[in-house]
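Peer 1: The structure follows.
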Amino acid sequence: MPIDRLLRSGAPLYTVDTALRVFDAATEIPGALAEVNALHAAGPPKVCNCVGNAISPLLSNIVLDELDWELDRRGHRSVRYADDCNVYVCSQRAAERVMASLTTFIERRLRLKVNEEKSAAAESSTRHFVGFTVRGRDDGKIAVQMSSRSWKRIRRRIVELTPRNWGGSLASCIANINRYLGGWMGFFHIVTKADFISLKILDSHIRRRLRAIVFRQKKRRRHMVTFLRKRRVPKKQVMRDIYWKHRSLWALSITKSAHKAMSSHWFDRQGLLRLVRLWRKHNPTPRPVIAPAQQTLVLG
């Protein structure tokens, strides 16, 4: 079933997450490669080693074409990318039944192995599929969100892009972040508004790490005071935040003085992209249609 029909269905979802051991790092598949060679040029089939991820989706589509037709024949709501296949049903019992049936079909009919460590029959909100999770909402609609694995991955990547010992300029650090965030949002822009708060948290986390970098580059606390005073932060507030209790740079980055001097608007002027704005750019809100005013007919 197409993914748009899947997202419009309002039934509670349980996922049959099936991971197949179709390809390793280097695998010989004479039959599949014979079909690939026949599509491009006539001649005897060749056998070669396929290394890397670029050829994996193509060979998966060839080898698992029969599985796609079988799922469509059964009327399952399913989605597959390469050798990772998810089937959505309405109960845990149905998920376990479909899991056993598909495992039998794959191993006996297709003669492939199911990776039992990566496969499971569970609620869709707990499963990871190409970086996303699908969760049913109370109003009967479907929410597409980042999986916990994707959330941890971007948090880790942000830390790598904003190290505490950054020796370059703030502009170069922001340029590296913008390059990554633009490509990241190009893939994850299909998340629904349920992840809007998560995007705000990521934006604030990036700004806090950049504030810590700015404070570290000032080196001495008196230089921090000079920087904050130039940003028109009250002197009493600056002295209390900078010199009280010998706070660390990470603790200083969340003080009121830091927020006043390096606010979100200040980072906008520095050229930092916001994930929230990038998401809105990819998902514009439709404007309401305003009907013209009803004209009154004057009689007499």
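The values are calculated or read from the model by the stated rules, or taken from the named source; none is laboratory data. Values in this document were obtained by computation on a predicted structure and should not be read as measured data. Every residue, glycine among them, receives a Cβ derived from its backbone with ideal geometry; neighbour counts consider all protein chains shown. Heavy atoms of the whole protein, side chains included, go into the accessibility calculation; ligands, DNA and RNA do not. Shrake-Rupley method; radii C 1.70, N 1.55, O 1.52, S 1.80 Å.
Peer 1: What per residue convex hull volume, in Å³, do the alpha-carbon atoms of region 186-273 yield?
Peer 2: 109
Peer 1: Then there's this: My understanding is that a pair violates if its Cα-Cα distance is over 18 Å; which of 260/281; 193/260; 152/260; 236/260 do that in this structure?
Peer 2: Values: 260/281 27 Å; 193/260 29 Å; 152/260 29 Å; 236/260 13 Å.
Pairs exceeding 18 Å: 260/281; 193/260; 152/260.
Peer 1: Right, next: Rg/Rh for region 113-225 to two decimals, with Rh computed the Kirkwood way over all alpha-carbon pairs.
Peer 2: Rounded to two decimals, Rg over Rh is 1.12.
Peer 1: Same structure, new question: Over the Cα atoms of region 84-156, what is the Rg over Rh ratio if Rh follows Kirkwood?
Peer 2: 1.03
Peer 1: Oh, and also: Just to confirm, what accessible area per residue do you get for region 153-231 at 1.4 Å probe, in whole Å²?
Peer 2: 54
Peer 1: What FRET efficiency comes out for the pair residue 144/residue 244, r = Cβ-Cβ distance, R0 = 45 Å, nearest 0.05?
Peer 2: For residue 144 and residue 244, the calculated efficiency is 0.50.
Peer 1: Now a separate question. Tell me, what is the FRET efficiency for residue 256 and residue 72 to the nearest 0.05, using R0 = 51 angstrom and their Cβ-Cβ distance as r? Please report the intermediate quantities before stating the final value.
Peer 2: Details: r = 59 Å, r/R0 = 1.16.
For residue 256 and residue 72, the calculated efficiency is 0.30.
Peer 1: Between 178, 215, 259, whose Cα lies farthest towards the positive end of the dipole of region 125-259 when Lys and Arg beta carbons carry +1 and Asp and Glu beta carbons carry -1, centred on the Cα centre?
Peer 2: 215
Peer 1: In nm, what is the difference between 0.36 nm times the number of residues separating residue 116 and residue 285 and their Cα-Cα distance?
Peer 2: Going from the current span to full extension adds 56.6 nm.
Peer 1: Based on the Kirkwood radius over alpha-carbon pairs, what value in µm²/s does the Stokes-Einstein equation return for the translational diffusion coefficient of region 95-137 at 25 °C and 0.890 mPa s?
Peer 2: The estimated diffusion coefficient comes to 209 µm²/s.
Peer 1: Which order do the peptides 194-204, 101-111 come out in when sorted by mean C-beta neighbours inside 10 angstrom, highest first?
Peer 2: 194-204, 101-111
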